[in-house]
1. Dipole of the range 30-143, Cα-centred, from +1 at each Lys and Arg C-beta and -1 at each Asp and Glu C-beta, to the nearest 20 debye?
2. Do the sum for the chain: with -39,500 (n - 2.57) for every DSSP H run of n ≥ 4, divided by all residues, what is the mean residue ellipticity at 222 nm, to the nearest 500 deg cm²/dmol?
3. Relative contact order for the chain: what percent, with Cα pairs under 8 Å and sequence separation of 6 or more?
4. Under 5 Å between amide H atoms, partner at least 5 residues away or on a different chain: which partners does ALA60 have, H built in plane at 1.01 Å?
5. Cα gyration tensor of the range 161-230, axes a ≥ b ≥ c as square roots of the eigenvalues: rounded (a/c below 1.5), prolate (a/b > b/c) or oblate?
6. Taking the Cα centre of the chain as origin, sum charge times position over the Cβ atoms of Lys and Arg (+1) and Asp and Glu (-1), and report the length of that vector in debye to the nearest 20.
7. What list of ³J(HN,Hα) values in whole Hz, one per residue of the range 44-55 in order, does the Karplus curve 6.51 cos²θ - 1.76 cosθ + 1.60 (θ = phi - 60°) give from phi, with Gly and Pro shown as x?
8. How do 149-158, 81-90 rank on mean C-beta neighbours within 10 Å, highest first?
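The values are calculated or read from the model by the stated rules, or taken from the named source; none is laboratory data. Predicted, not measured: the structure shown is a model, and the values here were computed from it. Here the Cβ positions follow ideal geometry from the backbone for every residue, glycine too, while neighbour counts run over all protein chains shown. Please note that ligands, DNA and RNA were not included when accessible areas were found on the heavy atoms of the full protein model with its side chains. Shrake-Rupley method; radii C 1.70, N 1.55, O 1.52, S 1.80 Å.
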Amino acid sequence: MAALGDSVSAGFNACGWYVSCTSRSWSAGDNAEVRSHYVRLAERGPSLRGHNRNFAVPGATSADLMGQVDKAIAEKAEYVTILLGAQDACVPTEAAMTPVALFRRRVEAAMGRLRAELPGARVFVASIPDLRRLWQVGKDNAIARTFWGLGRICQAMLANPTSTKRADVQRRARVRDRVRDFNREWARACAAFGPRCRTDEGAVFAYRFTLAQVSKWDYFHPNSEGQQILADITFDKGFDWSNDTL
């Protein structure tokens, strides 16, 4: 199997200071407590063990998706997970967000290549988390606000976190709408891929995570508990593997 995506799927800050912790990835990690898709599938079919590849890269955007797809193709992956798009919205300014039409073209091209080169593969697409929820749970925490400001983290959403001015409220709403647009594009691309593609039907976006599930090293990325929650809600929304021999 192959995990594609950004820092979330790479397990960034899930176990160390500003490092990727792929063992705790919700998708392809091997940590027993997180119980990733890989761990659960390897329990069903031991032949999968050792064949978990993680091509997710912190900071990756839709512009990087095709390169990751090519790596999955080279490995002849039979199961591919994708969680990508937050970094297309988490940019220094609202104006710098990836336009929806460009996001659509990139996603469609990458999914088309996957379908053409790995016609027998199954693809699972997780929805992009609700970035406004992150602002909601962290805006009243002085430490979180400090990390967001000093690190210039996701300023399109997290700039001026305590402001209730109309301009800031509307900016946050527009960034959230852009993420929802991206998720709709993923749903369309998955439907076009055919029956061997599944989405989480918006489950990750809808999940009301808490600050306790976010890394205390940046107040942005999921910690181990957050990765475990991601694994739970996405696996339950994915394929029925009960009749498969892995």
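1. On the way: 16 positive and 13 negative charges, 57 e Å.
Charge dipole of the range 30-143: 280 debye, to the nearest 20.
2. So the calculated ellipticity at 222 nm is -13500 deg cm²/dmol.
3. Relative contact order here is 25 percent.
4. Placed amide hydrogens put SER7 under 5 Å from ALA60.
5. On the way: a/c = 3.38, a/b = 1.29, b/c = 2.62.
Oblate.
6. I would put it at about 660 debye.
7. Each residue's phi maps through the Karplus curve to give 7, x, x, 5, 6, 4, x, 10, 9, 10, 10, 9 Hz.
8. Packing proxy ranking, top to bottom: 81-90, 149-158.
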